[in-house]
Structures are given as structure tokens and as C-alpha cells.
Amino acid sequence: MGTMKKFLTILISLLIFVFIGAAGVFFYVKAQPVPVVEIGTVDLKNVRDGSYTGEYEEGLVKVIVTVDVVSGRINTVKIERHECGLGKKAEEITREIEKAQSLNVDTISGATLSSRVILKAVEVALEKGKR
């Protein structure tokens, strides 16, 4: 029994060490400042009807979107690719863009960088359709 008790003590100690290390890495990453991604304004009246692709990358976040414009309005914003780690919930911002017909929308809490990279990719797409 002594060998089993020793094995369990070592195993529990190892698990505690791994947990503390993972928690340290998590809090270190969360403490890093979010990179600044400047979002411009695009006047939809100056964007031709069509489907435009935009992509943007900042840090570990990369986004490719397709934006469909019909009669000076954003019809749909579709995310083609989103490499984001924990920022998946930022994809909700596409509905906010469609509803507001603007890039001037609030970012998704807890997914600020992914939200801003999606907004920038949409801006890049719309810039391609300018008259």
C-alpha cells in the first residue's frame, strides 16, 4: 500500500502543479492589453451593389468576411473564416452591423479583439466596393 499512496501523492502534486501553471498562463494572457484596431467609417451610399470580401489579422486573430451590399444597404455579413481562440462569440457582431447598417456598433464583451478584427475586415470589404 505504501507504493500506491506515494504514487497518488505524486499524481495529485503533479495535477496541482499543472493547474496552477495553466491558471497563471490564463491570467497572464488576460492581463495583456488589447491591440488597438482603428475602425473607419464607410458611407454606404458610396458603395456599389455587390459582394465584397475583406480580411484582417491582428495578433492571433484572423478574419475573412463576405459582405453583400444591395441598394446602399448591408444585406448580409458572412464570416468565412475566424481564427480566434476564445473570441468565437464575437461573431454575433455581424447581426449588429446588419441591424445598425454601420460599423459603429459596440464590441462583444469578452471578445473585444475578435469583434474589432471582424469590424475591420468588414470595413476592408466595403472599401473595395466604393464608387
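Every number in this text was worked out from the coordinates using simple rules, so none of it is lab data. Keep in mind it's a predicted model, so treat the numbers as computed, not measured. For neighbour counting, all protein chains shown are included, and Cβ atoms are generated from backbone atoms with ideal geometry for every residue, glycine included.
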Summed residue charge, Cβ within 15 Å of residue 100's Cβ, Lys/Arg positive, Asp/Glu negative: -3
Label zone at residue 100 (point 7 Å along Cα-to-Cβ), backbone N below 18 Å, the stretch 71-85: 73-79
Of 36, 61, 69, the one that fluctuates the most in a GNM where the chain has Cα springs shorter than 10 Å: 36
Percentage relative contact order, the chain, counting C-alpha pairs under 8 Å, at least six apart: 28 percent
Structure-based [θ]222 nm, the chain - -39500 (n - 2.57) summed over DSSP H runs of at least 4, per residue, nearest 500: -14500 deg cm²/dmol
Relative contact order [Cα under 8 Å, 6+ residues apart], the stretch 27-98, whole percent: 23 percent
Axial C-alpha extent at least 24 Å, average Kyte-Doolittle at least 0.5 - helices from the chain (DSSP): 2-31, 112-128
Lys pairs, the chain - Cα-Cα below 18 angstrom, 8 or more residues apart or on other chains: 20
Cα-Cα P(r), the chain, percent of pairs per 10 Å interval: 12, 36, 20, 11, 9, 7, 4, 1, 0
Only Lys, Arg (+1) and Asp, Glu (-1) charged, at Cβ; the chain dipole about Cα centre in debye: 380 debye
Residue with peak Gaussian network fluctuation, the chain [Cα springs, cutoff 10 Å], from 13, 102, 115: 13
